[in-house]
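I have placed the structure first, in the form of structure tokens, so that the comments after it can refer back to it.
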Amino acid sequence: MRAFFLAVPAALTLCAGLTACSPALDWREIRPEGSGAVAMFPCKPTTHARKVQLAGGEVLLTLYACTADDTTWALAFTDLADPARVGRALDELRLSAAANIGAGAPRTLPLAVEGATPSTATGRVALEGKRSDGVAVQEQVAVFAKGTRVFQATAIGARLPADGLEVFFGGLRAP
């Protein structure tokens, strides 16, 4: 009987240790409805849509987002219906993300999105700034297009997990 009582705390300690080592990010493939894209999210995203001004016109921007491991992961998209507005829209999305956190100079990072339409405005940047409440944040933003659909993928948090960033941005596809 005494051995049983000694084994229980050891088992609980082992379970707690295993739980602490379990990944905080539970990756899953998401195919946002109406986007034509595929993305990897570390949590189940919720969906929001609102009208915004982008590239000289009003569009319905749809956002899939979730928070895991103190980082918010998001994919926003819209269809501009006019190929002439795509480059401008990608630039505006990137600049808007930087302005939202008062970021300094961006650091350019590699981005390869399978199936994306080639554009000089496509890219990924790392930003540092502050939230509206003054808390310092890191943000990485990728913008790309597939035809007239434009996308903005974002990870933002106090400290971004390097392995999670590679899964998130590496999992973007526009088949």
As an exercise: evaluate V125 against (1) touching a residue at least 60 places away in the same chain (Cβ under 8 Å); (2) closer than 14 Å to A97 by Cβ and give the number of the one condition it does not meet. (1)
Test A142 against the stated conditions and say whether it is aliphatic (A, V, I, L, M) and closer than 17 Å to A84 by Cβ. no
Looking across the range 129-152 at residues that are part of a strand (DSSP E or B) and charged (D, E, K, R), the single one that is surrounded by the most Cβ atoms within 10 Å (Cβ to Cβ) is E139
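Check A89, A126, A99, A155 and return the single one that is small (G, A, S) and loosely packed, with under 14 Cβ neighbours inside 10 Å.
Result: A99 is the single residue among A89, A126, A99, A155 that is small (G, A, S) and loosely packed, with under 14 Cβ neighbours inside 10 Å.
Could you say whether any residue in the range 85-98 is outside any helix (DSSP H, G or I), over 18 Å from the mean Cα position of the chain (by Cα) and modelled with pLDDT of 95 or more?
no
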Could you check, for the range 64-74, whether at least one of its residues is acidic (D, E), over 11 Å from the mean Cα position of the chain (by Cα) and closer than 21 Å to F168 by Cα? yes
Looking at (1) over 20 Å from T78 (Cα atoms); (2) surrounded by 11 or more Cβ atoms within 10 Å (Cβ to Cβ); (3) among the hydroxyl-bearing types (S, T, Y), which is the one condition that is false for T117? (1)
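The values are calculated or read from the model by the stated rules, or taken from the named source; none is laboratory data. None of the values given here were measured: they were computed from a predicted structure. Every residue, glycine as well, gets a Cβ built from its backbone with ideal geometry; the counts of neighbours run over all protein chains shown.
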